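The values are calculated or read from the model by the stated rules, or taken from the named source; none is laboratory data. Please read these numbers as outputs of a predicted model, since none were measured by experiment. With ideal geometry, Cβ positions are generated from the backbone for all residues, glycine too; neighbour counts draw on all protein chains shown.
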Amino acid sequence: MAEALLTLEGVHTHIGEYHILQGVDLVVPRGGITVLLGRNGAGKTTTLRTIMGLWKPSRGTVTFDGRAIGGTDTPTIAQGGIAYVPETMAVFADLTVEENMILAARQGPPDPARLDWIFGFFPAMKKFWQYPAGVLSGGQKQMLAISRAIIEKRTLILIDEPTKGLAPAIIESMIGAFAELKRDTTILLVEQNFRFAASLGDQVAVMDDGRVVHRGTMAGLSGDETLQTRLLGLSLDAHQ
Amino acid sequence: MTSAPATTASDAIPKVRLDLLPILLPVAIAAVAYPLVGNLTTWLTLTIAALAMGMMIFVIASGLTLVFGLMDVLNFGHGAFIAIGAYLAMTVLIPLSGWTQADSLALNLLALLLAVVVAAIGTGLLGWAFERVIVKPVYGQHLKQILVTMGGLIVAEQLIHVIWGGDQKPMTLPTALRGAFTIGDFALEKFRLLAVAVGLAVFAGMMIVLNRTRLGLLIRAGVENSEMVEALGYRIRRLFVGVFMAGSALAGLGGVLWALYRETLTASIGGDVMVLVFIVIIVGGLGSVGGCFLGAILVAMTANYVAFLAPKVALASNILLMVAVLMWRPQGLYPVAKR
């Protein structure tokens, strides 16, 4: 396995009185896609939000690129090279696609070559450049949320359920985009769509009850129906 | 960078809805009022007075709507900045009475400009202290925000009594701004023209900043989803403080105009106008500067026409306006997309 880019050791997170993460141990190697799987409420989104500093860990360490970032504020974490695509997409609806992208490019005006690269993945972004993000379809908003995350070179991108609620045709296009994207950056992907996850993932971690209960290669999990059924209560075949 | 595959993703043309209906409301109200008033000169006087009043309320309310939208803070202490702005201006204008009473437009305006600058800077700095000491500890706690900011307003009013005395103060207009231009039977008060000009300038300035600058983009994005702005790497807390200071300074500027309009000054001048200010930002849509502008004009028009046509219902007229607008558009005329 490549060197670790992100490491979580014994991370606990409380939200109000609820103890959501109960000692998460996770390693994301540099390069490729690591998929975080698990049933609803297992703690996947909380894990991403804790990494991003949107919720502070009450215990444990989060190390990114050799630096401890647990408890660091969100802007500092983002400036350190982590981008975040939340489950809600969180595009700025009153801003145009262009304005969303300008805001995401912190180092100055968006690089035209980089934009062309993004338009290659998501042509709709070029077509609707001057449209308010609020009028885009769900799939287009997801494209914008991902485009925003990659407008500048990031070391790690956290993406939370990008295929949720999207039409199969759009999911297919996303698979192509992500396959290309992972050559450029490291991705930690939370996903419920096992087929999507299995087609892209290099590494996998499965969460349950606020802990990581399995870590390994995605090929290993995809090829082991018994393991899938035990960890996820499903098999890849059942989803094809 | 390698070439990427084209996608087959949905690219249907989105429908952009041009929502012009609220803009037509003031025109419709004015049109309905004309036959009821029954006299062109009276109608014009009432309409110009409403526009002037609306612009002053807009200047006061514009900062508060951004504070509401961006920071999710219910600042009932906004009235303190209105009053302190007016008192600071009065403090500047008294020793400059030679300039304000001179028969020179330039000297009159220079004195007024100095007073406005001192009021805006003073209330801006006070806004910084207010945010750090009073508002910061209660972010995200609406009930406590109402209590402590209301407390802040009361403390500020009492401090005004201590510093400037409890009696009513005269706020005399500079010579050149007294009186009116007359066109036939119609008299156009000079100060009302100035108020309209200042309101329009503030509105134009805010729209340019919000729509043409990176700072404006950040503010608009922050009003929608401050968490995502932080996740993009921006320190929203600094923006909060900056917007709070700007909002306080605008309240100070509005306070100067309001006091000159009333030509008297009391410590409760800010608290008294806050009901109108809250109606304006609720009618306009919390966080929307354009909605606030329109809301201010609507509120002022309703207040003026109803006070002339049916004085007994004048007090309730703006509440009724708010109820009517919220029944039509529960989020206000131009709601800001939220989180």
Exercise. Just wondering, is there one or more residues in segment B:208-228 that are touching a strand residue (DSSP E or B) at 6+ places or on another chain (Cβ under 9 Å) and either within 14 Å of another protein chain (Cβ to nearest Cβ) or assigned to a helix (DSSP H, G or I) (or both)?
Worked result: yes
Exercise. Mind checking whether some residue in segment A:189-212 is touching a Phe, Trp or Tyr at 6+ places or on another chain (Cβ under 6 Å) and either hydrophobic (A, V, I, L, M, F, W, C) or in the same structural domain as A:Ile77 (by TED's automatic domain parsing) (or both)?
Worked result: yes
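Tell me, please, whether a residue that is over 22 Å from B:Leu193 (Cβ atoms), among the acidic types (Asp, Glu), within 17 Å of the chain's Cα centre (by Cα) and surrounded by fewer than 20 Cβ atoms within 10 Å (Cβ to Cβ) can be found in segment B:224-244.
no
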Problem set entry | Which numbered condition A:Ile102 fails, given (1) in contact (Cβ under 8 Å) with a residue 24 or more places away in the chain; (2) surrounded by fewer than 21 Cβ atoms within 10 Å (Cβ to Cβ); (3) in contact with a Pro (Cβ under 8 Å, 6 or more places away or on another chain) | (1)
Exercise. Out of all the residues in segment A:114-154, which are at the interface with chain B (Cβ under 7 Å from one of its Cβ atoms) and more than 19 Å from A:Gly176 (Cα to Cα)?
Worked result: A:Lys127, A:Phe128, A:Tyr131, A:Pro132, A:Gly134, A:Val135, A:Leu136, A:Ser137
For this session: Read through the list (1) in a strand (DSSP E or B); (2) out of contact with any helix residue (DSSP H, G or I) (no Cβ under 6 Å at 6 or more places or on another chain); (3) closer than 27 Å to A:Ala219 by Cα, then give the number of the only condition that A:Gly41 fails.
Result: (1)
Seminar exercise, completed: The lone condition A:Val190 fails out of (1) surrounded by fewer than 22 Cβ atoms within 10 Å (Cβ to Cβ); (2) closer than 26 Å to A:Thr217 by Cβ is (1)
Problem set entry | Which listed residue is part of a helix (DSSP H, G or I), under 13 Å from the mean Cα position of the chain (by Cα) and closer than 20 Å to B:Ile146 by Cβ, from B:Ile297, B:Ile279 | B:Ile279
Problem set entry | Scope segment A:116-126; condition over 10 Å from A:Val97 (Cα atoms) and either surrounded by fewer than 17 Cβ atoms within 10 Å (Cβ to Cβ) or in contact with a Lys or Arg (Cβ under 8 Å, 6 or more places away or on another chain) (or both); matching residues | A:Asp116, A:Phe119
For this session: Given the conditions (1) under 19 Å from the mean Cα position of the chain (by Cα); (2) of a type in the set (Gly, Ala, Ser); (3) more than 8 Å from chain B (Cβ to nearest Cβ), report the number of the one that A:Ala78 does not fulfil.
Result: (3)
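Select, from A:Ile82, A:Ile150, the only residue that is modelled with pLDDT of 95 or more, surrounded by 19 or more Cβ atoms within 10 Å (Cβ to Cβ) and under 29 Å from A:Gly38 (Cα atoms). Explain how you work it out, then say what you get.
Working: A:Ile150 fails: modelled with pLDDT of 95 or more.
The conditions single out A:Ile82.
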